[in-house]
Amino acid sequence: MSIGIYSILNTKNNMRYVGSTTEFPTRCKTHFYLLRRNKHHSSRLQKAWNLDGEKVFQYYLLEEVSDLTLLLSREKYWMDYYKSCNPEFGYNISSIPGGFGMLGLILNRETGRMEEAPPKDSPEWEMYIQSAKDARAKYYEEHKQKIDDYLKEYTEEHWDTIREWQKEWRDEHRLELQEYDKEYYQEHREEIKFRTKERIRKIQAGEQQVQPRKQICKRGHDTFVTGRNKWGACVECEKTRKSLTQIKI
């Protein structure tokens, strides 16, 4: 049983996830177990796993740590070294080593040293949680443009793969989704009816515009515009005075 800092490396792009553990390689096998079931807490690591496949990922021990009080500080060092919290270089979601209160220790942001964690039902613990949330919000605010640009570029590059994965997920969970939709509608029936009537009233009064959706029609044109009740006609077919075919989306 090894105690230390580990890394999960994507050999395709050299991006990585950094963590600390007292049970290596059991901890890494747990990561792989969750990734195979699409339930990993790091959404970035899960997306990369789904797109690139299991074969390109490897885990190994970066550093053995004999003193448990130094474990989280060493994890922080390696996270900073590889910039694993930056979406351009790694898959770590939180910049806090060890999550919240792992091994009963927390990082004092003022001194940079590990300290004993306060009881989880105490005001000090609530203050620590709030400070961690504030730190994450500050990081996002400072790097918002870079993060948004990266996500946009990533989505555009892998759009077909993402759509295929979404379709497979919906097909796999179709019955669960239908059951959830049914329960949600039963619970919020009156609210849904009110919103629908209000939207129709605004459209009829000219207070709200119907946003058209484009889709390829059966003749291959890409100027398909929807109308009421999700029905519509192809603009190109209408322009060339061909017979209109109503197509349901």
(request) Convert each backbone phi in region 126-140 into a coupling constant with the Karplus relation 6.51 cos²θ - 1.76 cosθ + 1.60 (shift: θ = phi - 60°), then list the ³J(HN,Hα) values in order as whole Hz, x for Gly and Pro. (result) 4, 5, 5, 4, 5, 5, 5, 5, 5, 5, 5, 5, 5, 4, 5
(request) Go through region 16-47 and name the trypsin sites (Lys or Arg not before Pro) that are in a DSSP coil and have 10 or fewer other Cβ atoms within 10 Å of their Cβ. (result) Arg37, Lys39
(request) Please tell me which of these pairs span more than 29 angstrom C-alpha to C-alpha: Lys55/Lys138; Lys47/Lys144; Lys76/Lys146? (result) Lys55/Lys138
(message) Please give me the summed charge of the neighbours of Trp78: other residues whose Cβ is under 11 Å from its Cβ, Lys and Arg +1, Asp and Glu -1.
(response) +1
(request) Counting other beta carbons within 10 Å of each Cβ, put Arg163, Arg199 in order, fewest first. (result) Arg163, Arg199
(request) List every residue whose amide H lies under 5 Å from the amide H of Ile3, counting only residues 5 or more places away in sequence or on a different chain, with H placed 1.01 Å from N in the peptide plane. (result) Val65
(message) Which of Val56, Val65, Val18 has the fewest other C-beta atoms within 10 Å, and how do the rest follow up to the most?
(response) Val56, Val65, Val18
(request) Sort Tyr60, Tyr77 so the one with the fewest other Cβ atoms within 10 Å of its own Cβ comes first. (result) Tyr60, Tyr77
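Each reported figure results from applying straightforward, stated rules to the coordinates on display, with no laboratory input. Because the structure is a prediction, the values reported are computed rather than measured. Cβ: placed from backbone, ideal geometry, glycine included. Neighbour counts: every protein chain shown.
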